[in-house]
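The values are calculated or read from the model by the stated rules, or taken from the named source; none is laboratory data. Note that the structure is a prediction, hence the values are computed from the model and not measured. With ideal geometry, Cβ positions are generated from the backbone for all residues, glycine too; neighbour counts draw on all protein chains shown. What goes into the accessible areas is simple: the full protein's heavy atoms, side chains included, and nothing from ligands, DNA or RNA. Shrake-Rupley method; radii C 1.70, N 1.55, O 1.52, S 1.80 Å.
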Amino acid sequence: MAVTAAANTARAVEAVFRIESARIIAGVARIVRDVGIAEELAQDALVAALEQWPESGVPDRPGAWLMATAKHRAIDLVRRKETYARKLAEVGRSLEDVPPPAEPADPDDIDDDLLRLIFTACHPVLATEGRIALTLRLMGGLTTQEIARAFLSSEPTVAQRIVRAKRTLAAAGVPFEVPYGADREARLSSVLEVIYLVFNEGYSATAGDDLVRPALCEDALRLARLLAALMPKEPEVHGLAALLEFQASRITARTGPDGEPVLLADQNRAKWNRMLMRRGVQALGHAGSGPYALQAAIAGCHAAAVRYEDTDWPTIAALYGRLVLLVPSPVVELNRAVAVSMAQGPEAALPLVDALTEEPALRAYHLLPSVRGDLLERLGRREEARAEFARAASLTRNERERDLLLGRAARLS
């Protein structure tokens with residue numbers, strides 16, 4: 001019986017920590033000014049809870065208990081370092097007399113700390129892989145094993161990325177703060193990019209046996225919602241949130257019973273999540289006209305169509321035209337060509353796609369021959385289409401996409 005009670009307490013501790021870890025790390029990082037040390041102190045608080053709660057019981061405010069314990073350990077660490085004496089004078093007075101577990105934190109302070117944490121984890125000084133891994137670890141509460149599994153990587157590789165990212169932040173002296181002024185836009189762009197990349201990897205996996213990894217999409221969507229709540233006056237934050245809400249609404253319809261991909265034209269729209277679509281519309285109302293807002297508007301056009309045949313392709317093509325002016329990119333051009341093919345016919349789009357075949361950035365991009373194959377098939381040029389689908393299959397690293405493309409090529413043989 002005692003063993004069962006202890007196990008239940010341990011599960012409760014781990015559940016609370018997973019929910020509260022980002023806030024705890026953020027609160028402690030404000031004291032020690034180092035996210036690596038802050039995470040270690042948060043883990044120390046977790047160990048203390050695992051040792052004490054089975055005996056004393058789970059406190060009424062477990063999150064506050066963990067926060068206060070971690071902060072007191074941070075203050076002890078600051079006391080032991082003479083070089084932090086001035087910082088102790090600044091922040092220690094307001095915290096050193098606060099006994100755990102009572103921690104009546106100001107919600108605004110917590111929000112500020114979370115913003116500082118996500119801006120630090122996504123700092124441009126870090127490599128993209130490091131930003132993603134550190135953000136999922138600190139903000140998403142994922143373990144190294146969970147991150148490795150999500151990205152089909154090894155635990156040692158992910159662990160090394162996280163360690164390297166923490167060392168880089170410390171060596172560069174990155175301040176634990178929310179940027180303002182000219183630096184803010186670039187730094188916010190880095191944060192949005194990380195969340196977008198995490199979602200995309202879940203929505204259409206670049207490699208492996210599964211087309212989608214819903215858990216990654218959920219983590220990214222949660223981060224986007226959190227950021228929108230913390231930065232309500234930033235239109236592009238709402239634009240990203242709207243885009244992810246719309247995209248997430250279609251996830252369950254993107255694969256069949258055996259995990260095989262289902263093309264947009266063949267999806268059962270009754271499976272689209274109406275609640276997420278409504279959230280997307282609401283977020284889009286607060287978005288401006290930036291790149292994420294335009295992509296969200298495109299996704300909203302798809303969501304508004306009751307049937308595939310009802311899709312407003314001329315509007316989508318026009319939105320892609322505006323997007324490519326803001327973000328000149330061959331991938332956006334390719335997406336615009338697809339929309340043009342649906343609005344004006346494949347003969348209007350094929351020259352646009354052919355012009356992209358010389359783009360170095362698309363040389364190994366499997367969707368370029370895939371799109372070209374689709375256009376050629378619609379034009380009745382079956383043998384050329386078959387060759388394009390076969391080439392696309394050879395370029396993708398996702399097994400599900402490869403099977404789909406080889407199937408399309410086989411049907412044209």
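Lysine pairs in the chain whose alpha-carbon atoms fall under 24 angstrom of each other, counting only those eight or more residues apart or on distinct chains, come to 5.
Dipole magnitude for the chain: about 280 debye, using +1 per Lys or Arg Cβ and -1 per Asp or Glu Cβ, origin at the Cα centre.
Sequence-ordered 3J(HN,Hα) estimates for the stretch 343-348 from the Karplus curve with 6.51, -1.76 and 1.60 and θ = phi - 60° stand at 7, 10, x, x, 5, 7 Hz, glycine and proline given as x.
Which whole-number percent gives the relative contact order of the chain, counting Cα pairs below 8 Å spaced six or more residues apart?
Relative contact order of the chain: 10 percent.
Considering only Cα atoms, the convex hull volume of the stretch 215-323 works out to 96 Å³ per residue.
Taking a point 7 Å from the Cα of Ala270 along the Cα-to-Cβ direction, the residues of the stretch 297-316 with backbone N closer than 16 Å to it are 306-308. The HN-Hα couplings worked out from phi for the stretch 17-29 by the Karplus form 6.51 cos²θ - 1.76 cosθ + 1.60 (θ = phi - 60°) are 5, 4, 6, 9, 4, 4, 5, 5, 4, 5, x, 6, 4 Hz, whole numbers, x standing for Gly and Pro. With contacts taken as Cα pairs under 8 Å at a separation of at least 6 residues, the stretch 1-74 carries a relative contact order of 41 percent. Legend: calculated FRET efficiency, Leu230 to Gln282, from the Cβ-Cβ distance at R0 = 25 Å, rounded to 0.05, equals 0.90.
In this structure the chain gives 48 Å² per residue of accessible area when probed at 1.4 Å with all protein chains present. Based on Cα atoms of the chain, Rg over Rh with Rh as the Kirkwood radius reads 1.04.
The 1.4 Å probe gives accessible areas that order Arg137, Arg274, largest first, as Arg274, Arg137. Just to confirm my numbers, what's the Cα centroid distance between the stretch 206-272 and the stretch 318-357 in Å? The stretch 206-272 and the stretch 318-357 have Cα centres separated by 23 Å.
Can you give the extra length, in nm with one decimal, that the chain gains between Thr157 and Ala127 once fully stretched, where that is 0.36 nm per residue apart less the Cα-Cα distance? Numbers along the way, then the final one.
Numbers: separation 30, 0.36 × 30 = 10.80 nm, distance 1.39 nm.
Between Thr157 and Ala127, full extension yields 9.4 nm more.
By the Stokes-Einstein formula, at 0.692 mPa s and 37 °C, the stretch 119-171 with its Kirkwood radius over alpha-carbon pairs has D equal to 307 µm²/s.
Taking amide H positions as modeled 1.01 Å from N, with prolines and chain starts lacking one, the residues under 5 Å from Gly208 and 5 or more places away or on another chain are Glu399. In the complete set of protein chains, residue-level accessible area for Glu177 is approximately 80 Å², probe 1.4 angstrom. Residues whose amide H lies under 5 Å from that of Thr255, counting only those 5 or more places away or on a different chain, are Val262; hydrogens are built 1.01 Å from N in the peptide plane. In the chain, the portion of solvent-accessible area held by carbon and sulfur atoms comes to 53 percent [1.4 Å probe, whole percent, DNA, RNA and ligands not counted]. Only DSSP H runs of four or more residues enter the estimate; each adds -39500 (n - 2.57), and after division by the residues of the chain the mean residue ellipticity at 222 nm equals -22000 deg cm²/dmol.
Across the stretch 197-203, coupling constants 3J(HN,Hα) worked out from phi with the 6.51/-1.76/1.60 Karplus curve, θ = phi - 60°, read 5, 4, 4, 4, 5, x, 6 Hz, and Gly and Pro carry x.
Which FRET efficiency, nearest 0.05, do Glu218 and Val262 yield, Cβ-Cβ r, R0 22 Å? FRET efficiency, Glu218 to Val262: 0.65.
For Leu325 and Ala361, the difference between the fully extended length at 0.36 nm per residue and the C-alpha to C-alpha distance is 11.2 nm.
With kT/(6 pi eta Rh) evaluated at 4 °C and eta = 1.567 mPa s, and Rh the Kirkwood radius from Cα pairs, the stretch 283-355 diffuses with a coefficient of 103 µm²/s according to Stokes-Einstein.
As a rough guide to protection, the peptides 252-258, 363-369, 178-184, 57-63 ranked by mean Cβ packing within 10 Å, highest first, stand as 363-369, 57-63, 252-258, 178-184. Shape analysis of the stretch 138-222 yields a ratio of the Cα radius of gyration to the Kirkwood radius, Rg/Rh, of 1.01.
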